[in-house]
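Just below is one structure, and these are the notes that go with it.
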Amino acid sequence: MDRYLPGGRRSRRSGPRSRKGILTCRGRHTRCDETLPICGNCKKSRLQCQQPDFVSSKWSTFDPAVIGVGRRKIAQIDFEVNPNCAPSSQRVGEHQVQEPQRISSALADPEGASPPAESMITPEIVHLLRVYDKGIATWMDVFDSESTYQRRLLCMAPSSPLLLNAICALAARQLSLIESPRTWKPVAEHYYGQAVHLLARLLSVFPSEMELALVGTILLSSYELLAFPGFDYQRHFKGAHTIVDSLQAHNSASCLARASFWIYARHEVAEALNRNSPTLHDPSLWPKFNLSAAKPVEDTFCNDVLRLTAEAVCIVFGKTSRSRTKRRKRDLSALQSELRTWLYWCPKQWKGIEYAEDRNVRYWFPRPNFAAALVFYHLSMLLLWHDLEKVQEGPENVSKIYDQVDAHSRQIILIALSSLQDSAIVVVVQPLCYAVKHVRDNTLKESAILLLDDIEARTGFHTKSKLERQLCR
């Protein structure tokens, strides 16, 4: 017999009543306080108070006038936390962020009337901040010469419980993958749960604080990419897309918003490649740089080739990907021409210096960000040449096309094998998986697979699942 009655009410079961106040206190029929060991209502009624299995809230439909986006409306999105990532009751009281007792007190603080982050600093948090500073922060800033997520965020963290918890969650999650899962995984889940509570409260009460929400979302999306790169990551990544779109972050005058956008853009391209689908955000709206007039600023060239890669992905995996029209062929050729222009304007010393190591070709780059940028160039050309083969009307140029695909695949692998720093090697994982699929040289293919295994063991970044997904297509 169905235990639910019309209207969503539950039928009363026979037998003794449960003495647990799970989501609703039995005594007064009010919601439990999710952040305390036992809520006041359950304590008065002498009930065993149990935290809910998950935390759920809504990203509100914000007033467009508040965030300055004209008539644009932000869609409602379910923001749910994975059951395994809820704050652990065993750690309650340690670095705990208290739930505001009144809405008036919450309105006084954009992060929910939380205690100052300085009061939360402990030896554990200091260790995690150092791990983030030397590791994942450099991944974030690989295309940012100002090192916004490394320098500025660490300065902001002591005054922002949201950023502090999100950074600690990210660092602890990486340690759980490369050091001790039993030690660091519960720590990561605790900080992650606190950060999600704070982000959900910030979005529902302070829609004007969208820049801070964007940074928090980028950090938590990065956590999810490390922790469970599946449905949960894709769902929360769409939430990041909503904030980016509402903020018009790609056109923002704020350096923090711009840095967040380009990190989001790299996530966009990687996820689109992983799913063989177009990006969520239209790359034609991304900033375009005049490379001929620009000074040799690294960020300009790196982010511009990322935009070109996104456009290549949208053409290759878009709705017209099976079209064999002449217009499609012209679009592919035009983008190839734009990529060659990008390579032409790149300063010579940034393209890498070739040398030999044990009779193998290797490259030395003055800075790791240009190694990653050059990989994106070769990936874009690989995708376009491979797609040109599909629209080729005759067999006369097929062998030339295959040679080009192989050549760009080789270059991606050779650059990746050139002892790149972790900040660059993590960024090139997805292009490397594509190169393994298309390269003809079995020796290079085996070396690339071994490198992918080493990347996952050394950094915790998932590589095997990405490679398997590409090889199975």
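The values are calculated or read from the model by the stated rules, or taken from the named source; none is laboratory data. Keep in mind that what you see is a predicted model, and the values were worked out from it rather than measured. We place every Cβ from the backbone using ideal geometry, glycine too, and count neighbours over all the protein chains shown. What goes into the accessible areas is simple: the full protein's heavy atoms, side chains included, and nothing from ligands, DNA or RNA. Shrake-Rupley method; radii C 1.70, N 1.55, O 1.52, S 1.80 Å.
Of the residues contained in the range 378-398, none is found to be within 23 Å of the chain's Cα centre (by Cα), free of Cβ contacts under 8 Å to residues at least 40 places away in the same chain and assigned by the TED database to the domain that holds Asp331. What number of residues within the range 399-424 are in contact (Cβ under 8 Å) with a residue 60 or more places away in the chain and either of a type in the set (Gly, Ala, Ser) or crowded, with 23+ Cβ neighbours inside 10 Å (or both)? Residues that pass the stated criteria total 4. The single condition from (1) without any contact (Cβ under 8 Å) to a residue 12 or more places away in the chain; (2) not in a helix (DSSP H, G or I) that Val427 fails is (1). Taken together, Leu212, Leu225 contain a single residue that is farther than 26 Å from Asn274 by Cα, open to solvent by 10 Å² or more (accessible area, probe 1.4 Å) and either within 18 Å of the chain's Cα centre (by Cα) or of a type in the set (Ser, Thr, Tyr) (or both), which is Leu212. Being more than 17 Å from the chain's Cα centre (by Cα), open to solvent by less than 20 Å² (accessible area, probe 1.4 Å) and either over 17 Å from Phe461 (Cβ atoms) or free of Cβ contacts under 8 Å to residues at least 40 places away in the same chain (or both) is the requirement here; does Tyr264 meet it? No, not satisfied. Flag set for Ser160, criterion: touching a residue at least 40 places away in the same chain (Cβ under 8 Å) and crowded, with 21+ Cβ neighbours inside 10 Å. Considering the range 350-365, and only residues there that are under 16 Å from Leu420 (Cα atoms) and modelled with pLDDT under 90, the residue that is most open to solvent (accessible area, probe 1.4 Å) turns out to be Lys351. If you go through the range 445-465 and keep only what is out of contact with any Phe, Trp or Tyr (no Cβ under 9 Å at 6 or more places or on another chain) and open to solvent by less than 20 Å² (accessible area, probe 1.4 Å), you end up with Ala448, Leu452, Gly460, Thr463.
Criterion applied to Ala293, Ala334, Ala373, Ala310 was being in a helix (DSSP H, G or I), over 23 Å from Gln430 (Cβ atoms) and either outside the structural domain of Gln430 (by the TED database) or not hydroxyl-bearing (Ser, Thr, Tyr) (or both), and the one residue passing it is Ala334. Restricting the range 321-344 to residues that are among the hydrophobic types (A, V, I, L, M, F, W, C) and buried (at least 17 other Cβ atoms within 10 Å of the Cβ) leaves a set whose member that is modelled with the lowest pLDDT is Leu332.
Within the span defined as the range 307-318, every residue fails to be at pLDDT 90 or above, touching a Cys at 6+ places or on another chain (Cβ under 8 Å) and on the phi < 0 side of the Ramachandran plot.
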